[in-house]
Ligand SMILES: [Ca+2]
């Protein structure tokens, strides 16, 4: 590619203005690098362009995802196209793999050499066997122009016969001087593929045959001409010992065609297209349901699709790759060593040709996986096909002989699950509670937990475990007399168990249930108790896994790490919590109640509750007597204990209406008697006495709602004051009484007569004096009330109702 003068489309500095380089190649076996081509220049750096198992360009070891570049024997065509000032683009099989700008990263400097089949770092840098290409190379052409994408696709489709020769270097015209061992051949990407027919010595219905072939990436065979039909017949006679059919007087095989009696032609059963040639038909051919044809002695007839016949498949040009998976200890070292291509020749019935020297061959009713030294690695005993999930005898260490292992052989890509019948479903559909495989195998073995052998579920996962606890509280009952609460607690505990893994977690965590019962859980889980009652009563729990990180596909499952995906236990429990009420300020009291939630099956030192733990309660939670004012979560000194402090404010409004308002009214009535006329005494005395009696009755009633306590509450104080207040009013009335039976009366001079004090007064007291006493009494009682109210209300406001602890 060295240029010293300008050419059409060239330029002064010697670089190409436009170029296209194409080569077709097929790998026959691999070396370490298996370089297809490289461009060497005279500097110390690496190649500018290398196409090998990975594709590297411009010094940078950029690996392009060319997975099936590895398929042995498959023809590929690589093209490198450059336009100065624009891009270099590399194509594989007509598809653009990667582009990079010409200007910023110059490529194909002048003075270099394009080397086929070698990675040559330096111009004339010698050859290395482990970097050599082993396979076929053809149609290497170089153009002085950039072929369009369409032209490259035409090359790929083998349609552009005229345009195949390069206008600068032409494969057909150039003289070549090959070095090393080689041989010339006439095959190429545009020559007809030789063995695309695969015959199966297995009898099945027409429908089943098409299904088996579809799963294997093949189509039911349809002869294109008499040669194809003869080849099918030949293979059937060679391998089809199961295909002898008495009714047909010979071998029988399904093909994808049928005889149309109206047009008197054979037709493609799939597309309905008339075949280019007519198969020889047996005389007694009868009209039958369309879709199937049989052959015996080279004569063809239609057959009922419900009958069992052998079948043949058509291998597409891009052969399906089968992967053998599931070996516990890989006996297939190296990348792509588990990849195989289905093959059949006249000397070998079905066999799977490995991309790296391994083979799976059928031999006396068993399938044998062998390495290149013909050493048996695994055996599957069956007359049927080895595709799908089967129990193989895997030979590892010879001392122990074979061991049964479930292996899969299918065309499924690594992100797909292989159903038992070898069909593929997306890995995200594995264990998603919908059957996607026809045999439901994607929903089998869906246990979530992967615990290592010897896992102890009684042992906490870590000596220093961090548990996040979220508490949601509701109170469903209060017993005021016994000072007990019945709580409804919903606890959400989250922790990580790094010893275990999980399989096929679903995005919705509710579906990842590990256990719905404490006894069934295969993993360690925190067991909680509420102290001080240690009540386990009415407890329900479930454990689930939260999918928080992405999983890794391992074999048949997507595996998630225990240290990245937390476990969650939901516990609903209804403990009865006792709370020692301080009723000194009743009904203005505020109660503080506490209880603890303890994880009992872990060492207190080892555990701690996470700082992000929370406690919430139903907003505006109103209990019978109280309003829940506040709830605090206290993460205690003992790591495994979380304290809950509740602040309950008594709803005193009720007492205002049924205690204080009536009693205050009675006080006002009693006080009002001081304003009544002095005469008659009966009115004042009766009224105040009645008020006193009603007050006492009220007080007695109020005692019933409270527990028995050894001290007086604020309500008691109120009542005692009220009773005393009324008592003194009555006493005042008695004192001022003019009733003759009043022994406390005063004489007409207003001086107590000791002799007459206990005797009946014949003359009433002068009104003026009694009125004066009552006037003083009004003042004294009013002042006493005000003073009492001040002293009564002071602790309520001063302490906010919370008793000092
Ligand atoms: Ca599914």
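Where a number appears in this text, it was derived from the coordinates with a stated rule and is not lab data. No experiment lies behind these values; they were computed from the predicted model shown. Glycine gets a Cβ as well: all are built from the backbone with ideal geometry, and neighbour counts include every protein chain shown.
Among 715, 271, which comes first, second and so on when ranked by fewest other beta-carbon atoms within 10 Å?
271, 715
Fully extended, how many nm does the chain gain between residue 605 and residue 187 (0.36 nm per residue separation, minus their Cα-Cα distance)?
Working it through step by step, the gained length comes to 142.8 nm.
Between residue 298 and residue 518, what's the calculated FRET efficiency when r is the beta-carbon distance and R0 is 60 Å? Round to 0.05.
Once the sixth-power term is evaluated, E becomes 0.25.
Please give the length that would be gained between residue 128 and residue 440 if that part of the chain were fully extended, namely 0.36 nm times their separation in residues minus their C-alpha to C-alpha distance (nm, one decimal).
Here the answer is 107.1 nm.
Show me 694-705, 451-462 ranked by packing, highest mean number of other Cβ atoms within 10 Å first.
Final packing ranking: 694-705, 451-462.
Please report the equivalent ellipsoid semi-axes of region 483-599, computed as sqrt(5 x eigenvalue) of the Cα gyration tensor, largest first, in whole Å.
Semi-axes (√(5λ), whole Å): 40, 13, 11.
Considering every pair of different Cα atoms, what Kirkwood radius, in Å, is found for region 197-314?
13.8 Å
How far apart, in nanometres, would the label points at residue 784 and residue 682 be if each is projected 7 angstrom from Cα along the Cα-to-Cβ direction?
The answer from the label model is 2.7 nm.
Full-extension gain between residue 226 and residue 546, please, as 0.36 nm times their residue separation minus the C-alpha to C-alpha distance.
108.9 nm
What's the center-to-center distance, using Cα atoms, between region 599-622 and region 581-596 in Å?
Measuring centre to centre over Cα atoms gives 23 Å.
Once you put a point 7 Å from the Cα of residue 464 and another 7 Å from the Cα of residue 645, both along the Cβ direction, what distance in nm separates them?
2.8 nm
Assuming a ≥ b ≥ c are the square roots of the Cα gyration tensor eigenvalues, decide whether region 436-545 counts as rounded (a/c under 1.5), prolate (otherwise, with a/b larger than b/c) or oblate.
prolate
Rounded to the nearest 0.05, what FRET efficiency do residue 455 and residue 578 have when you use their Cβ-Cβ distance and R0 = 56 Å?
FRET efficiency, residue 455 to residue 578: 0.90.
What FRET efficiency comes out for residue 169 versus residue 278 if R0 is 51 angstrom and r is the Cβ-Cβ distance? Round to the nearest 0.05.
Efficiency, rounded to the nearest 0.05: 0.60.
Sort 364, 132, 410 so that the residue with the fewest other Cβ atoms within 10 Å of its own Cβ comes first and the one with the most comes last.
Listing 364, 132, 410 from fewest to most nearby Cβ atoms yields 364, 132, 410.
Under a crude label model (7 Å from the Cα following the beta-carbon direction), how far is residue 527 from residue 176 in nanometres?
The answer from the label model is 7.8 nm.
Which of the three applies to region 321-411, rounded, prolate or oblate, going by the alpha-carbon gyration tensor with a ≥ b ≥ c and a/c under 1.5 meaning rounded?
rounded
Hey, can you rank 679-690, 565-576 by average C-beta count inside 10 Å, highest first?
Averaged packing, sorted descending, gives the order 565-576, 679-690.
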